[in-house]
Amino acid sequence: MEILKIVGGVPLKGTVKASGAKNAITKMLVASLISDKRCTFHNVPNITEVEVTVELCKEIGAHIEWDRTEKTLQIITKELKTTYIPQRFSGSNRIPILMIGALLGRTEEDIVVPTVGGCNIGKRPITFHIDALRKLGAEVEYRDMKKDGAYFAHAHKGLQGCILELPYPSVGATENCILAACRAKGTTVIKNAAIECEIMDLILFLQKLGVNIYVDVNRTICIHETKNFYEVEHTVISDRIEAASIGMAAIATKGKVFVEGARQENMITFLNKLREIGGGFKVFEQGIEFYYAGPLKGGIHIETDVHPGFMTDWQQPFVVLLTQAEGTSIIHETVYENRFGYTQTIKEMGADIECFTQCLGGRLCRFAAQNFAHSVVVKGPTPLKAKAVAVPDLRAGFAYVMAALISEGESTLSNLHYLDRGYESLEEKLSSLGAHIERTYTEEPALV
């Protein structure tokens with residue numbers, strides 16, 4: 001079993017480059033399937049989430065050349081050899097369900113995709129996806145299989161553009177609607193759409209590909225039927241989650257790190273909250289420098305939300321950062337109902353954190369009165385002590401890494417496949433900043 005050994009107490013110092021955004025490149029690889037043109041991507045991260053998506057695309061006929069050293073990937077799908085995604089991809093990640101939107105307009109065959117997966121951070125129902133695709137003219141149904149279920153979809157009569165209004169600005173549902181709408185007849189209008197910067201990157205890519213698409217006011221995205229496609233060359237945006245995570249680790253360890261490629265315009269809400277607690281940062285053309293500017297002061301309130309709100313993927317390392325800030329702070333999670341499970345481990349390391357089922361925020365959220373522990377109160381500063389932990393999901397994994405970096409003693413982390421899904425060469429990057437971190441093997445049984 002692979003583990004990370006981390007000896008805490010060392011300030012992070014130096015320069016590191018943010019990788020390409022996982023949540024952008026994986027969706028654009030699927031989006032490339034709507035055409036038969038060659039697409040070339042730059043700044044592609046070498047992570048397992050991209051590997052799985054590459055294998056998914058190859059399965060249906062995509063030809064892919066990936067230079068992992070140069071971070072360049074070319075994909076072209078001249079024809080579909082199958083529209084069946086094998087069950088071995090069941091639960092691998094959240095990408096298979098997007099295959100439906102990408103392929104509906106390109107084939108009249110049944111599209112079969114396995115059940116969705118990803119981190120266990122709460123329910124992420126695909127009813128928004130299915131309802132919207134049906135309104136566009138698709139037939140979609142769930143069927144039980146031998147082991148896991150699968151979704152069957154087709155549009156024998158073609159797709160017809162329409163007005164879609166999502167009940168919640170879901171990122172995945174918005175992406176699926178966009179992909180299906182590209183080949184739907186007429187015009188499709190998506191209301192209450194997600195407008196994350198990764199979706200904006202997808203829109204820019206699709207426009208290069210030939211799609212007439214634009215963002216209107218009030219979370220509205222308009223897509224016109226596309227018949228002609230073009231070859232594309234596109235550079236993936238940098239990962240704002242990784243950039244913020246490394247920045248918080250730099251401040252928590254009382255160091256100074258320049259994150260090359262970090263973009264202020266994609267991190268405005270995060271940077272505001274960072275400044276509220278006294279975290280230092282300077283914005284440059286090439287990136288953002290994060291530094292410890294003195295004792296951190298808590299007493300802040302954060303509610304996670306869809307963009308342009310505070311990202312749910314920022315809250316885990318921010319909670320760890322708040323354990324080092326003087327005062328009491330509150331975080332109200334409104335995106336996923338089961339995202340504070342990791343805090344028990346941080347408490348065992350010495351943090352003063354309490355979870356609550358109430359909405360500790362300025363507004364009620366979707367999880368009000370449903371007994372989900374979706375708010376936390378953090379009191380600090382508290383020293384943390386090293387611990388052996390099993391990573392439960394991707395973003396909680398970095399919270400554990402960050403806690404280990406500021407803890408006294410040597411911590412060990414297992415279940416590294418979660419970290420490898422979204423963080424490229426994490427131990428190499430942190431080592432270059434001075435961290436005492438090592439990936440090694442052990443014959444000890446994995447923690448649960």
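Please treat every number below as a calculation from the coordinates, not as lab data. All of these numbers come straight from a predicted model, not from anything done at the bench. Note: ideal-geometry Cβ built from the backbone for every residue, glycine included; neighbour counts use all protein chains shown.
Can you spot the lysines whose alpha carbon is less than 23 Å from LYS379's alpha carbon? Ignore those fewer than 8 places along the same chain.
List returned: LYS254, LYS273, LYS297, LYS347, LYS387.
Compute the label zone of GLN370 within the range 294-327: residues whose backbone N is under 16 Å from the point 7 Å along Cα-to-Cβ.
304-306
Hey, if you put +1 on the Cβ of every Lys and Arg and -1 on every Asp and Glu Cβ in the chain, which of VAL113, ALA24, LEU164 ends up farthest toward the positive end of that dipole?
Projecting each Cα onto the dipole axis, the largest value belongs to LEU164.
How much length would be gained if the chain were fully extended between VAL217 and GLU70, taking 0.36 nm per residue of separation minus their Cα-Cα distance, in nm to one decimal?
Taking 0.36 nm per residue and subtracting the Cα distance, the gain is 49.1 nm.
Give the residue from THR174, ASN218, ALA293 lying farthest towards the positive end of the charge dipole for the chain; charges sit on Cβ (+1 for Lys and Arg, -1 for Asp and Glu) and the dipole is referred to the Cα centre.
Of the listed residues, the answer is ASN218.
Run the simple label-point estimate for GLU108 and GLN160 please: 7 Å along Cα→C-beta, distance reported in nm.
Modelled inter-label distance: 1.7 nm.
Under the rule of -39500 (n - 2.57) per DSSP H run of 4 or more residues, summed and divided by the residues of the chain, what mean residue ellipticity at 222 nm is obtained, to the nearest 500 deg cm²/dmol?
-8000 deg cm²/dmol
Are there trypsin sites (Lys or Arg not before Pro) in the range 1-89 that DSSP marks as loop and that have at most 13 other Cβ atoms within 10 Å, and which are they? Before the final figure, lay out the partial values.
Working: sites: LYS5, LYS13, LYS17, LYS22, LYS27, LYS37, ARG38, LYS58, ARG68, LYS71, LYS78, LYS81, ARG88; in loops: LYS37, ARG38, ARG68, LYS71, LYS78, LYS81.
Those that pass, being in a loop and sparsely packed, are ARG68, LYS78, LYS81.
Compute the length gained on full extension between THR328 and GLU233: take 0.36 nm times their separation in residues and subtract their Cα-Cα distance, giving the result in nm to one decimal.
Answer, rounded to one decimal: 29.4 nm.
When MET311, MET248 are ordered from fewest to most other Cβ atoms inside 10 Å of their Cβ, what list results? Mind dumping the intermediate values first?
Numbers: MET311 22, MET248 26.
Neighbour counts put them in this order, fewest first: MET311, MET248.
Treating only the Cβ of Lys, Arg, Asp and Glu as charged (+1, +1, -1, -1), what charge dipole size does the chain show about its Cα centre? Round to the nearest 20 debye.
Charge dipole, the chain, about its Cα centre: 600 debye, nearest 20.
How much length is gained on full extension from ARG275 to GLU410, taking 0.36 nm per residue of separation minus their Cα-Cα distance?
45.6 nm
What do you get for GluC sites (Glu not before Pro) in the range 1-105 restricted to DSSP loop and a cutoff of at most 14 other Cβ within 10 Å of the site's Cβ? Show your work: numbers first, answer last.
On the way: sites: GLU2, GLU49, GLU51, GLU55, GLU59, GLU65, GLU70, GLU79; in loops: GLU70, GLU79.
In loop regions of the range 1-105 (DSSP not H, G, I, E or B), the sparsely surrounded GluC sites (Glu not before Pro) are GLU70, GLU79.
Which loop trypsin sites (Lys or Arg not before Pro) in the range 222-331, with loop taken from DSSP, have no more than 11 other Cβ atoms within 10 angstrom of their Cβ?
Here the sparse-neighbourhood loop sites are LYS227.
Give me the percent relative contact order of the chain, please, defined on Cα pairs under 8 angstrom at least 6 residues apart.
Relative contact order, the chain: 21 percent.
Separation between the GLU2 and THR442 pseudo-spin-labels, each 7 Å from Cα along Cα→Cβ, expressed in nm?
Placing both labels 7 Å along Cα→Cβ, they lie 1.6 nm apart.
Mind giving me the nanometre distance, one decimal, between the label points for THR82 and GLU51, set 7 Å out from Cα along Cα→Cβ?
Simple spin-label model gives 2.1 nm for this pair.
Tell me, what is the FRET efficiency for GLU139 and HIS301 to the nearest 0.05, using R0 = 41 angstrom and their Cβ-Cβ distance as r?
0.35
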